[in-house]
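Enquirer: My questions all concern the structure below.
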Amino acid sequence: MEKKDMKNYVNTKNMLKFILCSAFGILMFLVPIPQGESFTTLLDFLKTAVKNLLGGSLAYIILFLLVVSAVMSLIDYIFKPDFIRKNEYMQKAFSTSLLYVVSKVIGAVVGCMVILGFGPEVITSVDTGATIIDLCGTLFCIVISFSFILPFLTDCGIMEFLGVLLKPVVRPLFRVPGRASVDLMASWFGASNAAVILTREQYMKGFYTKREAGYIMTNFSIVSIPFCLLIASTVGIENLFPSFYLTICVVGVVLAVIIARIPPISLIPNTYKESIGKQLDEEVPVEKNRLAYALEMSCKRAESFDIKAVLSSGVQVVVGMLFDLIPIVASWGTIALIIATFTPVFNWISYPMGWYLNLLGVPEAYAVAPATLVGFADMFIPALLITGITSIKTKFVIGVLSLVQIIYLTEVGVIIMKSEIPLNLWKLFVVFLERTVIAIPIIVLLANVFV
């Protein structure tokens, strides 16, 4: 009986929904579109269009979001009103712990100072608060652009189809479901923060365990190819970009294989979200062909896909991200950049990294040592720190390293910590250090070959 029911899913209507809707999602997220000397995606074009359409008003929209989020979260924390607590969307946006309430208030203060033009330079500087508020504007445009398009990639069958087909490769190599390959492609062709949000939503729907989601977020959310080209250009080695990007890919795969097998990632509970349970099914029955089963599972998923589901899912993502995530990025991101820019903390803690680089024969090792750790705050800072370095080999090493470290607080770190995955600030820093220490000798080896 079960076999008969499964066969019923494969019909013309479900096939068309699977093929057409998935094709739209793939076209928006994954298909490279030429742009000058590099390429981007239609989703990035849409994000840019939204940003250009809003123009100067975008900053004031961000200010509105920050202030409303802070005020409403304070009201909820102090008075616990029913109009917030009994509304699914408002509860998700404004009901939170004291730490996050304080963080939202700090975010609102930062927003007011930067956008309205007052306050100390340590907060309003282009190196700190101004950069973060601009990032918040970019995040706003990303969320608005992709929230109602994301379900076409995740909910209409393509992840089930690729998950079943790629499981024999992806599961033993990376210890994650085959569907994680879609996260990887979405990040490489699009944006790392978009891929982290995609992974978070997949965990919330029961398709990843806590460990799988944490692992994917910290290993697969590599920055996009256009940003890699930007970093290569910034440090002055764009002529080496083919070997530069090849090194990023090789090191990224090696790190992903290793990090899956060591703490703290290996110690995260391998359990699904308790209120949802396991929704994943990539096991192929013995009597079925893998391709046929992949098609059956994708059609089954496509059958429940409709516009109502798209709108419901999209609204939840928008509300959660705009009123919950962006204020935390504004506060924690600014604090991280203040520490990186206006204090000697990273100079103090980077001396061992200078010794490590020097041991491996990297020229100007101690001069670039802070750049090996400051990327924990933001992925663009290392490139800025080494623009005065003369050694091409050193620029190559630090440029690649800054792009495979992945755990950038301003871009993805805050999103990870605001998910329900048990990865706090300390654990993220440990993963960051692991990726850094393991990556450096591999990068140096390849730099000796290519440079």
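The values are calculated or read from the model by the stated rules, or taken from the named source; none is laboratory data. Please read these numbers as outputs of a predicted model, since none were measured by experiment. Positions of Cβ are generated from backbone atoms using ideal geometry, with glycine treated the same way; all protein chains shown enter the neighbour counts.
Enquirer: Output yes when any residue across region 233-248 is at pLDDT 85 or above and of a type in the set (Gly, Ala, Ser), and no when none is.
Expert: Yes; the residues of region 233-248 include at least one that is at pLDDT 85 or above and of a type in the set (Gly, Ala, Ser).
Enquirer: If you don't mind, there's one more thing I want to ask. Search region 1-25 for residues being surrounded by fewer than 18 Cβ atoms within 10 Å (Cβ to Cβ) and either within 30 Å of Glu238 (Cα to Cα) or among the basic types (Lys, Arg) (or both), and hand back the single one that is modelled with the lowest pLDDT.
Expert: Lys4
Enquirer: Also, I was wondering about something else. Quick check, is Val105 crowded, with 18+ Cβ neighbours inside 10 Å, in a helix (DSSP H, G or I) and not basic (Lys, Arg)?
Expert: Working: crowded, with 18+ Cβ neighbours inside 10 Å: yes; in a helix (DSSP H, G or I): yes; not basic (Lys, Arg): yes.
Against the criterion (crowded, with 18+ Cβ neighbours inside 10 Å, in a helix (DSSP H, G or I) and not basic (Lys, Arg)), Val105 qualifies.
Enquirer: Considering Thr124, Thr96, which residue is among the β-branched types (Val, Ile, Thr), over 25 Å from the mean Cα position of the chain (by Cα), closer than 22 Å to Ala336 by Cβ and surrounded by 13 or more Cβ atoms within 10 Å (Cβ to Cβ)? Give the derivation first.
Expert: Values: Thr96 fails: over 25 Å from the mean Cα position of the chain (by Cα).
Exactly one of Thr124, Thr96 is among the β-branched types (Val, Ile, Thr), over 25 Å from the mean Cα position of the chain (by Cα), closer than 22 Å to Ala336 by Cβ and surrounded by 13 or more Cβ atoms within 10 Å (Cβ to Cβ), namely Thr124.
Enquirer: Only one of (1) touching a helix residue (DSSP H, G or I) at 6+ places or on another chain (Cβ under 8 Å); (2) farther than 30 Å from Met321 by Cβ; (3) assigned by TED's automatic domain parsing to the domain that holds Val437; (4) not acidic (Asp, Glu) fails for Val284. Which number is that?
Expert: Result: Val284 passes all but (3).
Enquirer: Quick test of your reading of the structure: Ile149 fulfils all but one of (1) over 15 Å from Glu201 (Cβ atoms); (2) in contact (Cβ under 8 Å) with a residue 40 or more places away in the chain; (3) of a type in the set (A, V, I, L, M, F, W, C); (4) surrounded by fewer than 24 Cβ atoms within 10 Å (Cβ to Cβ). Name the failing condition by number.
Expert: Ile149 satisfies all of (1) over 15 Å from Glu201 (Cβ atoms); (2) in contact (Cβ under 8 Å) with a residue 40 or more places away in the chain; (3) of a type in the set (A, V, I, L, M, F, W, C); (4) surrounded by fewer than 24 Cβ atoms within 10 Å (Cβ to Cβ) except (1).
Enquirer: Given the structure, is Met379 assigned to a loop (DSSP other than H, G, I, E, B) and of a type in the set (A, V, I, L, M, F, W, C)? Give the steps one after another, and end with the answer.
Expert: Numbers: assigned to a loop (DSSP other than H, G, I, E, B): yes; of a type in the set (A, V, I, L, M, F, W, C): yes.
When the stated conditions are applied, Met379 passes them.
Enquirer: Return the only residue of Ala330, Ala367 being within 23 Å of Ala232 (Cβ to Cβ) and either in a helix (DSSP H, G or I) or in contact with a helix residue (DSSP H, G or I) (Cβ under 6 Å, 6 or more places away or on another chain) (or both).
Expert: Working: Ala330 fails: within 23 Å of Ala232 (Cβ to Cβ).
So the residue among Ala330, Ala367 that is within 23 Å of Ala232 (Cβ to Cβ) and either in a helix (DSSP H, G or I) or in contact with a helix residue (DSSP H, G or I) (Cβ under 6 Å, 6 or more places away or on another chain) (or both) is Ala367.
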